[in-house]
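Worksheet for the structure shown next.
The values are calculated or read from the model by the stated rules, or taken from the named source; none is laboratory data. All values reported here derive from a predicted model rather than from experimental measurement. Cβ placement follows ideal geometry from the backbone for every residue including glycine, while neighbour counts extend to all protein chains displayed. Protein only, heavy atoms only, side chains kept; ligands, DNA and RNA dropped before computing areas. Shrake-Rupley method; radii C 1.70, N 1.55, O 1.52, S 1.80 Å.
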Amino acid sequence: MNTLKNTLFALTIATAAITAAHAADYGQLVGNNYSDRVINLDAGTKYVNVTNGETVQFIQQGKSFTWHVDTYPNVTEVDLKKIAPADFDAGAIEVYVASNPLYRG
């Protein structure tokens, strides 16, 4: 079982490395078992709302990835394509990022 967990962790790290470098400006890819909530996407989804600091699992057509949202305070939206792994069909979905009261000074 530990071998499977280690393999999945290594795959998550490898996928994160493949993700475009600028995606780091919006957070980081994390393992699917570490999400605060799940967002199911379908063909009609045009946008989703998340909160800075939240960890969200995106699911569409049997594929998923989990993203920890960590943006600069002035970043309020991002194309899902910028953070999704290459094999995830993100379409034209916009991610709107709300500020987190815990991050305010």
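Can you say whether Asn40 is touching a Phe, Trp or Tyr at 6+ places or on another chain (Cβ under 6 Å) and modelled with pLDDT of 95 or more, as far as the supplied structure shows? No. Mind checking which residues of region 80-91 are closer than 14 Å to Val48 by Cα, surrounded by fewer than 18 Cβ atoms within 10 Å (Cβ to Cβ) and of a type outside the set (Lys, Arg)? Gly91, the sole residue that qualifies. Per the listing Glu77, Glu94, Glu54, the residue uniquely open to solvent by 80 Å² or more (accessible area, probe 1.4 Å) and acidic (Asp, Glu) is Glu77.
Taken over region 73-89, the criterion of being in contact (Cβ under 8 Å) with a residue 24 or more places away in the chain and not in a strand (DSSP E or B) is satisfied by Pro73, Val75, Leu80, Lys82, Ile83, Ala84, Pro85, Ala86, Asp87, Phe88, Asp89. If you go through region 28-79 and keep only what is within 27 Å of Lys5 (Cβ to Cβ) and aromatic (Phe, Trp, Tyr), you end up with Tyr34, Phe58, Phe65, Trp67.
In region 57-72, is there at least one residue being under 21 Å from Ser99 (Cβ atoms), open to solvent by 90 Å² or more (accessible area, probe 1.4 Å) and in a loop (DSSP other than H, G, I, E, B)? Looking for residues that are under 21 Å from Ser99 (Cβ atoms), open to solvent by 90 Å² or more (accessible area, probe 1.4 Å) and in a loop (DSSP other than H, G, I, E, B), one finds at least one in region 57-72, hence yes. Does any residue of region 13-36 turn out to be at pLDDT 95 or above and surrounded by fewer than 18 Cβ atoms within 10 Å (Cβ to Cβ)? No.
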